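Written below as structure tokens is the structure these notes are about.
The values are calculated or read from the model by the stated rules, or taken from the named source; none is laboratory data. In this text the structure is predicted, and so the values were computed from the model without any measurement. Quick reminder, even Gly has a Cβ in these numbers, built from the backbone with ideal geometry, and neighbours come from all protein chains shown. Just the protein is used for accessible areas: all its heavy atoms, side chains included, with ligands, DNA and RNA removed. Shrake-Rupley method; radii C 1.70, N 1.55, O 1.52, S 1.80 Å.
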Amino acid sequence: GRFEDVLKIPLDGLDPNQEAGVLVSRAEADLALRRPAAAGQDAAEAQRLAPKSLEAAVTVARVARASGDTAGAEKAVTAALAINPHPPEALLMRADALAAKHDFAGALVACNDAVVAAPESPVPRIRRAELLLEQGEDAKAKADVEAILENFPHYPMALFLQAELAVRAKDYKTADATLE
């Protein structure tokens with residue numbers, strides 16, 4: 001919550017990679033403070049200083065997405081994936097962009113790649129389960145939800161999806177119990 005303090009970090013005497021790292025942090029702080037224009041400038045400068053920085057490319061994508069610039073976000077995600085084809089956050093951004101274009105098969109591929117890249121993280125499985133539910137593939141979604149709850153028994157979004165699956169199965173008692 002000390003976003004203003006992050007914005008005051010001096011850039012004097014830093015090498016380009018260090019400066020890019022600070023600018024990425026500033027862009028994140030600017031986003032948190034709802035200053036998308038400043039976030040965009042910081043992220044773009046970070047990427048200019050460190051064009052091979054995955055962190056900078058992902059931040060550019062995050063800023064573009066937050067600003068409603070779908071094309072810019074997709075371009076930045078493509079740049080991030082060219083630097084490293086396995087960052088879960090960029091893969092999930094790609095999945096979201098593909099789903100928005102109704103390319104659910106491509107979105108599922110991106111989610112699958114994110115699950116492989118971060119098997120211990122519940123976030124890629126949650127997104128994949130959501131996509132599977134949208135496609136009516138409840139059994140596959142249930143497998144993801146169960147895998148999450150096995151390791152994170154109180155994970156809110158997994159519990160919500162578990163309740164949604166119960167409602168779809170017309171098991172309202174289980175849905176109510178899960179939501180409680």
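For the chain, the longest principal axis of the C-alpha atoms and the axis of helix 88-100 are separated by about 70°.
Accessible surface ranking for Thr174, Thr70, Thr59, 1.4 angstrom probe, highest first: Thr70, Thr174, Thr59. With a simple spin-label model that places each label point 7 Å from the Cα along the Cα-to-Cβ direction, the separation between Asn84 and Lys101 comes to 2.5 nm.
Mean projected area of the Cα convex hull of the range 33-139, taken over all directions, amounts to 7.1 nm². Karplus-derived 3J(HN,Hα) values for the range 136-148, using 6.51 cos²θ - 1.76 cosθ + 1.60 with θ = phi - 60°, are x, 9, 4, 4, 5, 4, 4, 4, 5, 4, 5, 5, 5 Hz; glycine and proline are entered as x.
Restricting the trypsin sites (Lys or Arg not before Pro) of the range 1-32 to loop positions (DSSP other than H, G, I, E, B) with no more than 14 neighbouring Cβ atoms within 10 Å leaves Arg2, Lys8. Taking the C-alpha atoms only, the angle from helix 104-117 to the longest principal axis of the chain is near 70 degrees.
Counted over the range 128-180 with a bin width of 10 Å, the fraction of Cα pairs per bin, in whole percents, is 29, 58, 13. A probe of 1.4 angstrom, applied to the heavy atoms of all protein chains, finds Val123 with accessible area near 70 square angstrom.
So what's the angle, to the nearest 10 degrees on a 0 to 90 scale, between helix 54-66 and the longest Cα principal axis of the chain? The two axes meet at around 70 degrees. Binning all Cα-Cα separations of the chain at 5 Å, short to long from zero, yields these whole-percent fractions: 1, 9, 14, 16, 15, 13, 13, 9, 6, 3, 1, 0, 0. Taking the average, over residues, of other Cβ atoms within 10 Å as the packing measure, peptides 12-20, 132-140, 157-165 rank 157-165, 132-140, 12-20 from highest down. Can you bin the range 1-95 into rounded, prolate or oblate? Criterion: square roots of the alpha carbon gyration tensor eigenvalues sorted a ≥ b ≥ c, rounded for a/c under 1.5, prolate for a/b above b/c, oblate for the rest. Verdict is oblate for the range 1-95. The magnitude of the dipole of the chain, with charges of +1 and -1 set on the Cβ of Lys/Arg and Asp/Glu and taken from the Cα centre, is near 300 debye. In this simple spin-label approximation, Asp176 and Phe152 carry label points 7 Å from Cα along the Cα→Cβ vector, and these lie 2.9 nm apart.
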